[in-house]
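Data first, discussion second: the structure below is written as structure tokens.
The values are calculated or read from the model by the stated rules, or taken from the named source; none is laboratory data. It should be emphasised that the depicted structure is a prediction, and the values quoted were computed from it without experimental measurement. Counting neighbours? That spans all protein chains shown, and the Cβs are built from the backbone with ideal geometry, glycine included. SASA here: full protein model, heavy atoms, side chains in, ligands and nucleic acids out. Shrake-Rupley method; radii C 1.70, N 1.55, O 1.52, S 1.80 Å.
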Amino acid sequence: MVAIQRHRGLAEDVYGAIFNKLMSLDIAPGGRITVDGLVRELEVSHTPIREALGRLEGEGLVVKTHLVGYSAAPQITRRHFEELYELRLLLEPDAAARAARQAGQAQVGRLRETADRMRKLDSQKGRRQNYSGFARLDADFHDQIMAVAGNALVRDTLSHLHTHFHIFRLMFHARVTEEALDEHDSLLAALGTGDGEGAALAMRRHIERSRERLLMAFGS
């Protein structure tokens with residue numbers, strides 16, 4: 001990895017570099033993370049490394065064990081996976097319907113911009129390197145819909161689970177991103193026309209198909 005350049009955005013850059021390594025599975029689930037090793041690799045001091053690891057711990061991607069140190073979080077279990085998708089199906093379709101009825105042009109425009117950025121990342125070479133960026137934009141896309149829907153409790157509940165980071169760590173496969181983009185387009189079409197029923201259906205289909213795609217990670 002190229003050394004991180006020293007500037008005011010150092011902390012964010014260090015966080016991004018480690019995040020990318022976790023999402024691309026360059027650091028394997030459960031794998032040991034040594035602060036000294038990252039210091040040498042990124043050519044930065046211990047402070048931004050520890051800050052980044054603390055932030056990643058809060059997102060559930062890193063585990064800190066007393067007297068042992070840091071490690072990458074293990075992959076989610078099949079049971080946890082099923083429970084996440086069950087919760088999403090309970091909350092997100094209804095929220096999408098609410099968002100469709102309440103979204104203004106500016107809000108839909110921002111969603112379209114996010115979707116366009118995801119499509120641009122998906123089309124570039126070095127797909128594994130772009131995978132972490134796609135995962136973060138996917139999380140942002142869904143969070144924007146929850147924000148427009150207006151239920152802060154639902155939004156916070158889904159945000160704190162960091163669902164998108166965990167499911168994208170399950171596997172790297174072109175189908176995961178390509179099909180998601182098409183499903184987002186269907187969702188955007190409904191949101192853009194104020195079609196609450198259509199938005200709910202599009203969100204439900206998107207979540208169900210996402211579940212089917214990622215089940216392959218469990219050998220199903």
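Could you count how many residues in segment 111-158 are touching a residue at least 12 places away in the same chain (Cβ under 8 Å), out of contact with any helix residue (DSSP H, G or I) (no Cβ under 6 Å at 6 or more places or on another chain) and among the polar types (S, T, N, Q)?
3
Which number in (1) closer than 13 Å to Leu84 by Cβ; (2) part of a helix (DSSP H, G or I) marks the one condition that Leu170 misses?
Against the list (1) closer than 13 Å to Leu84 by Cβ; (2) part of a helix (DSSP H, G or I), Leu170 comes up short only on (2).
Within segment 205-220, is even one residue touching a Leu at 6+ places or on another chain (Cβ under 8 Å) and open to solvent by 70 Å² or more (accessible area, probe 1.4 Å)?
yes
If you check Leu153, Leu201, which single one turns out to be surrounded by fewer than 16 Cβ atoms within 10 Å (Cβ to Cβ), aliphatic (A, V, I, L, M) and out of contact with any Gly (no Cβ under 6 Å at 6 or more places or on another chain)? Please lay out each step first, then the result.
Numbers: Leu201 fails: surrounded by fewer than 16 Cβ atoms within 10 Å (Cβ to Cβ).
None of the others qualify; the one that does is Leu153.
Which condition from (1) more than 14 Å from the chain's Cα centre (by Cα); (2) modelled with pLDDT under 90 is the one that Ile145 breaks?
Status for Ile145: all satisfied but (2).
Please tell me if Leu187 is over 19 Å from Leu84 (Cα atoms) and either in a helix (DSSP H, G or I) or open to solvent by 10 Å² or more (accessible area, probe 1.4 Å) (or both).
On the way: over 19 Å from Leu84 (Cα atoms): yes; either in a helix (DSSP H, G or I) or open to solvent by 10 Å² or more (accessible area, probe 1.4 Å) (or both): yes.
The answer is yes for Leu187.
Within segment 156-175, count every residue that is crowded, with 16+ Cβ neighbours inside 10 Å and among the aromatic types (Phe, Trp, Tyr).
Counting residues in segment 156-175 that are crowded, with 16+ Cβ neighbours inside 10 Å and among the aromatic types (Phe, Trp, Tyr) gives 2.
Here is a list of conditions, (1) surrounded by 14 or more Cβ atoms within 10 Å (Cβ to Cβ); (2) assigned to a helix (DSSP H, G or I); (3) touching a His at 6+ places or on another chain (Cβ under 9 Å), and Arg110 meets all of them except one; can you say which number that is?
(3)
What is the one condition in (1) open to solvent by 20 Å² or more (accessible area, probe 1.4 Å); (2) over 18 Å from the mean Cα position of the chain (by Cα) that Glu178 does not satisfy?
Single failed check for Glu178: (2).
Using the structure shown, decide if Arg78 is touching a residue at least 40 places away in the same chain (Cβ under 8 Å) and on the phi < 0 side of the Ramachandran plot.
Answer is yes for this residue.
Looking only at segment 124-137, decide whether some residue is out of contact with any Cys (no Cβ under 9 Å at 6 or more places or on another chain), open to solvent by less than 20 Å² (accessible area, probe 1.4 Å), assigned to a helix (DSSP H, G or I) and closer than 16 Å to Glu92 by Cβ.
Taking every residue of segment 124-137 in turn, none turns out to be out of contact with any Cys (no Cβ under 9 Å at 6 or more places or on another chain), open to solvent by less than 20 Å² (accessible area, probe 1.4 Å), assigned to a helix (DSSP H, G or I) and closer than 16 Å to Glu92 by Cβ.
Being more than 15 Å from Phe165 (Cβ to Cβ) and touching a residue at least 40 places away in the same chain (Cβ under 8 Å) is the filter; apply it to segment 12-31 and report the residue that is nearest to the chain's Cα centre (by Cα).
Ala28
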